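The values are calculated or read from the model by the stated rules, or taken from the named source; none is laboratory data. As the structure is a prediction and not an experimental result, all values here were calculated from the model. Note that we place each Cβ from the backbone using ideal geometry, even for glycine, and neighbour counts take in every protein chain shown.
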Amino acid sequence: MGRIHRIGQRNEVFVFNLVAANTREGDVMLRLLTKLEQMREDLGADSVYDFIGEVLEDRYYDLPSFMQQAILNRETLDDIIAGMEKTLSEEHKRLLQIYHTENLANDALELTGLRKEQHELMVKHIPTRCYAEFCKTIFEHKRIRFYEAKEERIVRIERMPKFIRDFARKNKIILKDSAESYKFTGYAEQESENVDLVDQDHALYKLGLELARVETEKFAFQRYMVKYPCKEILDVSIYKLIVIDGTGKELSNELIYVAQRGNGELVVLDNYWLFQFDFADEIALVSEKADTVVLPYVYKVAAELRTKLKTKREKQLEKVSGYLTKTFQLQYNDVIDKLFAYQQDNQGNRNSILINQMNAKLIDIEIRKEERLSEVERQRNVVMKPPKRIAQLELLPNGLASRVFPEDHKGFVEHYERQHGRSNFKVFAAFALVDYYSERYNGEPRFIIVQEKKDLLYSREYYEDLRNILDYTYIYYIDKSGMVTEYSIKDHWMMLFQ
């Protein structure tokens, strides 16, 4: 592989090693790859594969010889595998020590920042219930028969159709045996030993996602008029933003929703705006609008995303570069030590072959180091692909306006929080799960939802989405005089649904 995948190679190189399953060879290889994968996950990089061959060669001369021993010497198979795992575990420990040293040298443990990041993720995650609802919608479209119970919160599929099982197999999605049924839900309280909670890693969601992808590839979205619980007419443009690095690896692929308000202001809507309302009313096709105003704003948002990813990428690659340099240097020093020992004990040129091998290894280490560091440099080049418009929507108020634009009340709410001794104030995008965030002096979080209509009742689904932060979520009702009435949303939850 090293001879083919060199600098200057213009084609992507694939190398396949075929190993028979359920054999001694397969067992050894599975144990080896499992250990390597664990190391790769711990180190957060594929670079572990650059060094592990050298480590095995030190003990077993080379990997083919090691495999041959494992296959032919039946009585010593367990000993060989144990020796291999011990060798890899020692190397694993050594590499982790280097990696952690590198981390500690570059990172200051900033608990406040970590806590804020965690709370932000709790707000920005896709509601769990939506994964199951998405599956139901796609399965119904594909005429997969299912039954619902517990107020439509538990779904049962008795048997997956053969064409669906074939589709799943083709897309490497592992489903249950054809005779087994599925029971799933999108609500945590309904999860049990027999009922799966569907999330982004569940096989049914992955199946639904692939089925939807095939359908949407056939469809060209245009501009549509729909009713929505907003206070004013909004023109929403949906764009896809893709960021790649210099190796072509995709760093980000996401949709952004840019809404133009009646006063001409452009704002980005949080992804949650799609999940807090059931688009059950009729959708009308209307004429498309030119995006001469929106497109420059989209490019601005795209540039900010690229800058954010590039900054994060730089920090990661600095660690990887330092890690690679140190580890290659350790390899280089080990070979130099061996070369010196062979040269010192080279009476009658008996070590000439070994000396030549060590010299060749030094050259090979330098080549591989140059290749890997060159790849890191290419990864530093972060590029934004031209934004692609997916669709346009015109949102018409449906009379059930519930959410405000956080920027409209930002100054007032921030001042109110400071007056009450709370800091680390943050504003979320429009129509996010909540509008604002702040903290008490002891770090206790506060998630804030602002409303302009008193005693507004939210859907059960919305309360469900707030479940993880319910104890710390408050509604602020702001009247026309600027007075704030705040109350815990948990009290409303218990009153309405418990």
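What to note about this one:
- Taking the stretch 385-498 as the region of interest, the strands (runs of 3 or more DSSP E) fully inside it that hold 3 or more residues being modelled with pLDDT of 90 or more are 388-397, 423-427, 436-439, 445-451, 473-478.
To keep it simple, each residue is scored yes or no on (1) over 25 Å from Tyr299 (Cβ atoms); (2) touching a helix residue (DSSP H, G or I) at 6+ places or on another chain (Cβ under 6 Å); (3) of a type in the set (A, V, I, L, M).
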residue: Ser352; (1), (2), (3): yes, no, no
residue: Glu370; (1), (2), (3): yes, no, no
residue: Glu375; (1), (2), (3): yes, no, no
residue: Val383; (1), (2), (3): no, no, yes
residue: Ser423; (1), (2), (3): yes, no, no
residue: Ala432; (1), (2), (3): no, yes, yes
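- For the stretch 268-292, filtered to residues that are within 23 Å of Val404 (Cβ to Cβ) and surrounded by fewer than 19 Cβ atoms within 10 Å (Cβ to Cβ), the residue that is farthest from the chain's Cα centre (by Cα) is Asp281.
- Test: residue in the stretch 159-177 that is within 25 Å of Arg460 (Cβ to Cβ) and not aliphatic (A, V, I, L, M): no
- In the condition set (1) at pLDDT 90 or above; (2) surrounded by 12 or more Cβ atoms within 10 Å (Cβ to Cβ), Leu175 is compliant with all but (1).
- Residue check for Arg446: buried (at least 19 other Cβ atoms within 10 Å of the Cβ) and outside the structural domain of Val294 (by TED's automatic domain parsing): yes
- Among all residues of the stretch 342-354, there is none that is part of a helix (DSSP H, G or I), crowded, with 18+ Cβ neighbours inside 10 Å and either in contact with a Gly (Cβ under 7 Å, 6 or more places away or on another chain) or among the β-branched types (Val, Ile, Thr) (or both).
- Any hit, the stretch 241-248, residues being free of Cβ contacts under 8 Å to residues at least 40 places away in the same chain, in a strand (DSSP E or B) and farther than 30 Å from Arg145 by Cβ: no
- Unmet requirement for Tyr272, which otherwise passes all of (1) assigned to a helix (DSSP H, G or I); (2) at pLDDT below 90: (2)
- Being over 30 Å from Tyr462 (Cβ atoms), free of Cβ contacts under 8 Å to residues at least 12 places away in the same chain and either out of contact with any Lys or Arg (no Cβ under 7 Å at 6 or more places or on another chain) or not assigned by TED's automatic domain parsing to the domain that holds Tyr462 (or both) is a property that holds for Thr311.
- Among (1) touching a Lys or Arg at 6+ places or on another chain (Cβ under 9 Å); (2) of a type in the set (Lys, Arg); (3) under 30 Å from Asp245 (Cβ atoms), the one test that Lys319 misses: (1)
- Qualifying residue in the stretch 380-391 (condition: of a type outside the set (Asp, Glu) and farther than 26 Å from Glu254 by Cα): no
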